[in-house]
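Colleague: Got a structure here, written out as structure tokens. Questions coming.
The values are calculated or read from the model by the stated rules, or taken from the named source; none is laboratory data. None of these values were measured; they are calculated from a predicted model. All Cβ positions, glycine included, derive from the backbone under ideal geometry; neighbour counts span all protein chains shown.
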Amino acid sequence: MHGEGPLGAATAGVIAVGMGHERRRQRAAAGDALITLAARGQLPAADLGAAVASLLQAGLLKLNRVTAVLEEVVMAGAHAEVWSVLAAALPPILPRQGHRPAPGLGDLLAVAVRAATLSGASADLEGLAELAARKGGSRVVEQARSLAQVVASGGSGG
């Protein structure tokens, strides 16, 4: 990444589109950009989370592609930054009562659990408690329960 100045919504939008690109090479480049910006302390995490949520809701991103990139970034050590992205992205995409979860949401929540645990995150995400309280044992509900427990305990999981 070259240039100077603050990074914001435009940069976040480009990275989000890259994360969802059909070509693996483009997704890898987006992941590299995330890691580089995280290392520099320049990642516009809230803007990226908002862009991801907006593009997912519009049907312009495939959740499995975004999840794979974020998982790689967590494994590279940028777990706090991924948590910040997901803390912004999750509330708009968590299914409300009577709505079905997006395909792949359980896997994204699993990445959120990992990132929150590793970063010691605590949060009150809108819609998470309601999702975690649902009956049943689907992957989405189980991961929502895990995430709710982790963020309630500041990353210790209990």
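Colleague: Out of all the residues in the stretch 73-80, is one or more small (Gly, Ala, Ser), part of a helix (DSSP H, G or I), in contact (Cβ under 8 Å) with a residue 24 or more places away in the chain and more than 22 Å from Arg24 (Cβ to Cβ)?
Modeller: Yes, because at least one residue in the stretch 73-80 is small (Gly, Ala, Ser), part of a helix (DSSP H, G or I), in contact (Cβ under 8 Å) with a residue 24 or more places away in the chain and more than 22 Å from Arg24 (Cβ to Cβ).
Colleague: Suppose we keep only residues that are in a loop (DSSP other than H, G, I, E, B) and of a type in the set (Lys, Arg) within the stretch 111-139. Which one would you say is surrounded by the most Cβ atoms within 10 Å (Cβ to Cβ)?
Modeller: Arg134
Colleague: In addition: Among Glu81, Glu142, which is the only one that is of a type in the set (D, E, K, R), under 18 Å from Asp47 (Cα atoms) and modelled with pLDDT of 95 or more?
Modeller: The match here is Glu81.
Colleague: So which of Gln97, Gln149 ends up being part of a helix (DSSP H, G or I) and in contact with a helix residue (DSSP H, G or I) (Cβ under 9 Å, 6 or more places away or on another chain)?
Modeller: Gln149
Colleague: Applying the selection to the stretch 110-146, what residues are under 22 Å from Gly77 (Cα atoms) and either charged (D, E, K, R) or out of contact with any helix residue (DSSP H, G or I) (no Cβ under 7 Å at 6 or more places or on another chain) (or both)?
Modeller: Residues satisfying the conditions are Arg114, Gly120.
Colleague: Let me ask something additional. Looking at Ala116, Ala88, Ala102 in this structure, which one is of a type in the set (A, V, I, L, M) and at pLDDT below 95? Step through it out loud before you land on a result.
Modeller: Working: Ala116 fails: at pLDDT below 95; Ala88 fails: at pLDDT below 95.
Step by step, each of Ala116, Ala88, Ala102 is checked, and only Ala102 is of a type in the set (A, V, I, L, M) and at pLDDT below 95.
Colleague: In addition: Which numbered condition trips up Ala46, out of (1) surrounded by 18 or more Cβ atoms within 10 Å (Cβ to Cβ); (2) part of a helix (DSSP H, G or I)?
Modeller: (1)
Colleague: Check Thr67 against each of (1) buried (at least 18 other Cβ atoms within 10 Å of the Cβ); (2) among the polar types (S, T, N, Q); (3) free of Cβ contacts under 8 Å to residues at least 12 places away in the same chain and name the one condition it does not meet.
Modeller: Unmet condition: (3).
This table checks each residue for (1) aliphatic (A, V, I, L, M); (2) within 18 Å of Ala115 (Cα to Cα).
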position	(1), (2)
His21	no, no
Arg24	no, no
Leu34	yes, yes
Ala38	yes, yes
Ala58	yes, no
Leu61	yes, no
Val66	yes, yes
Gly77	no, yes
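Colleague: May I pose another question? I need every pair where a residue in the stretch 14-40 that is over 22 Å from Ala58 (Cα atoms) has its Cβ under 6 Å from the Cβ of a residue that is in a loop (DSSP other than H, G, I, E, B), sequence separation at least 6 or different chains.
Modeller: Listed pairs, sorted by first residue: Ile35/Ala76; Ile35/Ala78; Thr36/Met1; Leu37/Leu43; Ala38/Ala78.
Colleague: Which is over 15 Å from the mean Cα position of the chain (by Cα) and farther than 19 Å from Asn64 by Cα, of Leu118, Leu125, Leu131? Give the steps one after another, and end with the answer.
Modeller: Numbers: Leu118 fails: over 15 Å from the mean Cα position of the chain (by Cα); Leu125 fails: over 15 Å from the mean Cα position of the chain (by Cα).
None of the other options fit; the residue is Leu131.
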